[in-house]
1. Can you name the condition, by its number, that B:LEU246 falls short on among (1) more than 14 Å from chain A (Cβ to nearest Cβ); (2) in contact (Cβ under 8 Å) with a residue 60 or more places away in the chain; (3) crowded, with 18+ Cβ neighbours inside 10 Å; (4) assigned to a helix (DSSP H, G or I)?
2. Can you find a residue in segment A:284-307 that is in contact with a Pro (Cβ under 6 Å, 6 or more places away or on another chain), more than 9 Å from chain B (Cβ to nearest Cβ) and part of a helix (DSSP H, G or I)?
3. Tell me, yes or no, whether segment A:172-188 has at least one residue that is more than 14 Å from every other protein chain (Cβ to nearest Cβ), at pLDDT 85 or above and in contact with a helix residue (DSSP H, G or I) (Cβ under 9 Å, 6 or more places away or on another chain).
4. Would you check which residues across segment A:135-171 are away from chain B (no Cβ under 14 Å), of a type outside the set (D, E, K, R) and farther than 30 Å from B:VAL15 by Cα and list them?
5. With the structure loaded, tell me whether B:PHE255 is more than 30 Å from B:ILE167 (Cα to Cα), surrounded by 20 or more Cβ atoms within 10 Å (Cβ to Cβ), of a type in the set (A, V, I, L, M, F, W, C) and touching a residue at least 60 places away in the same chain (Cβ under 8 Å) or whether it fails that test.
6. Quick test for you: out of B:LEU288, B:LEU298, pick the one residue that is touching a Phe, Trp or Tyr at 6+ places or on another chain (Cβ under 8 Å) and over 15 Å from A:LEU280 (Cβ atoms).
7. How do the helices (runs of 4 or more DSSP H) wholly within segment B:1-92 filter down when requiring 2 or more residues that are within 30 Å of B:CYS309 (Cβ to Cβ), in contact (Cβ under 8 Å) with a residue 40 or more places away in the chain and within 14 Å of chain A (Cβ to nearest Cβ): which remain?
Amino acid sequence: MMGLEAHVFSNAVTVVLLVGAGVLVAVVRRQRLWREAAHQLWDRRKLAIIVVGLYLGVALLDSIAWKGGIPEDVLDVLPNAPLTLIDRIFLGTKEASYSAPFADVEFYGAAPLRQPGSHLLGTDILGRDVFYLALKGARVALLIGGLTSLIAIPLALLFGVGAGYFGGRFDDFVFFLISTLASMPGLLLLIALIMAMGRDTLSVCVALGVTSWVGFCRLSRAETLKLRELDFVSAARALGVPEIRIVIRHILPNLAHLIVITFVLMFSGLVLSEVVLSWLGIGVDGSWGQMIDGARNELSREPVIWWNIAAAGSALFVLILAVNIVGDGIRDVLDPRMQKGSP
Amino acid sequence: MGAYVIRRLLYGVGVVLGVLFLLFILFFTVTKPDDIARRALGEKAPPEVIEQWKVNHGYDRDLWPWQDWNDNLLFDHYRRMLTFDFGLSDADDSPIMDRIKAGMGPSLALTVPLLVFGLLLAIPLSLLVAFFRETYIDRMGVFLCVLAMSVSMLLYIIGAQFLIGKILRWYPISGFDPSLLMLPRFLAMPIMVGLIGGVGGDVRFYRTVFLEESSRDFVRTARAKGASESRIMTRHILRNALIPILTNVVLAIPFLFTGALLLEAFFGIPGLGSITVDAIAANDFSTLRTMVFIGSLLLIVGQIVTDLCYGLVDPRVRLE
């Protein structure tokens, strides 16, 4: 990554993610089980899926950045800074201080606003548009949830499936590792990891990943132990299929529904953890957690500055709620234990 | 049973040693004693002051036992943690043990009522929801649970402090007074917030437990005998669901001691959670690793107790 600028990298990642999503959709459409599950999910949880899609869209718009094209009269950004689409929409809307939603005067200073009535959710103490900040938070939240899951789930699968399938010494080692990590209180371990590794975005994601892979590792190990004994695996082994191929072709596809369910349910927990970390001063820059933490004391001002925390709080709440509802729906559709007749 | 107890205990000891090793890796090798000293003394501290500080805090040795078997940080770390000799805080040189003793009482004063009221609130609610399973009430209840779970604890706390403390002025916004007369005044709001923040997840969990029990054969038998639905609910389902509920409660007990991090810090309760939060703010590594160790130790003991209880009740567990 040396020599590569951050915004170029971000654009590349966005493209890779979009291509990945396209491939995923193609796979889902090809297989009947997944196609039906997707249809069922869409029928049951339309609104929540649309909401999650909106957040994804905002995050994508905020991930595509390029340089140049900044008008001469905008003074509050560097002329050669890479700006995202969202940045460009809100270019030049910075005021000097607080303004209430739709207000036309500044709060601490009598000067009229440069753009009266255009601040949908008001501005914060530095005069930044709150709506803009809340939109920017979407990318950070999805990054925390997504990146961490991309670290945690493959790790858990590697260890869980490996331990469950091959057994022996490796299984003993993995089981010991899981019990050790599971016997440390989650938040404390998380804090210890971040304190030790430093406080940048990547180490927060790694720390969240390390603390959240354990549960899924245990689950995938138990499930692999069950699958290993089934007839189709024995048949494959009798036919002389190499072990690695058995794992990839016969074990992993049968864990796919668990992966999807875990990913969605893990996501909301991760984003909520980040809020607590932000308050402890070890969170990720630009997240809703930091907005909430920053706006905390402004509730004690007179007049009360409530719109800041309300915007960040509701943006967070709506995303988590939508993801939780979609997650519940996915579990209902995919988990055989949740089918009709049983709870 | 004897062999099972010994095996389980030995495994517990192994896990404790594993936790200590992980803590050593995190707090001695990833963050080196020099870094800790510099964070405590400032970036511009002269080398001799740093050396003196390291001597005072016992950091002036080799990390690994390769050079000197008796005098190294790894074994010293194990020896001190296992004998509960936690030493001095990295931030203000006060003995850590004294702070823990002082923080235990306030923490328990908050967390014990929280656990008890939480159970008293969550179990009847989840029984009610499970009783009306697959009806409008059930779906509404589950939705409310998801709704309550989707709000960050931070927002609950800030909201309560703003609404109850500042606007309505029912209770003080934060503070603590150990006298019995004043205690409820200060604890009422944190307990309320804790209950609201936790009840959603609890009700959903207990509902699943109850529904799992209600699809068992003995429930169908009871229904076939003509037992009333409320009798089935309390006599057959609740009774049998007590085992998973008990597990959940035993595993929650260690967290009574480590305290509620957020609640204590926000409401100014000088418990163990507050100590941890202060340690983070002050880069106080020795206090932090002690808190992590104590929390882990209690959790391991809790897990062993649950497993032994299971072994006592269910012979199949012992054979695995």
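1. All conditions are met except number (3).
2. yes
3. Among the residues of segment A:172-188, not one is more than 14 Å from every other protein chain (Cβ to nearest Cβ), at pLDDT 85 or above and in contact with a helix residue (DSSP H, G or I) (Cβ under 9 Å, 6 or more places away or on another chain), which makes the answer no.
4. Answer for segment A:135-171, where residues must be away from chain B (no Cβ under 14 Å), of a type outside the set (D, E, K, R) and farther than 30 Å from B:VAL15 by Cα: A:LEU135, A:ALA138, A:VAL140, A:LEU142, A:LEU143, A:GLY146.
5. yes
6. Result of the check over B:LEU288, B:LEU298: B:LEU298.
7. Result: B:2-24.
Yes/no per residue for (1) within 23 Å of the chain's Cα centre (by Cα); (2) more than 30 Å from B:ARG207 (Cα to Cα):
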site: B:ASP35; (1), (2): no, yes
site: B:ASP60; (1), (2): no, yes
site: B:GLN67; (1), (2): no, yes
site: B:ASP71; (1), (2): no, yes
site: B:ALA102; (1), (2): yes, yes
site: B:LEU128; (1), (2): no, no
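The values are calculated or read from the model by the stated rules, or taken from the named source; none is laboratory data. Please read these numbers as outputs of a predicted model, since none were measured by experiment. Cβ sites come from the backbone with ideal geometry, for glycine too, and all protein chains shown count toward neighbours.
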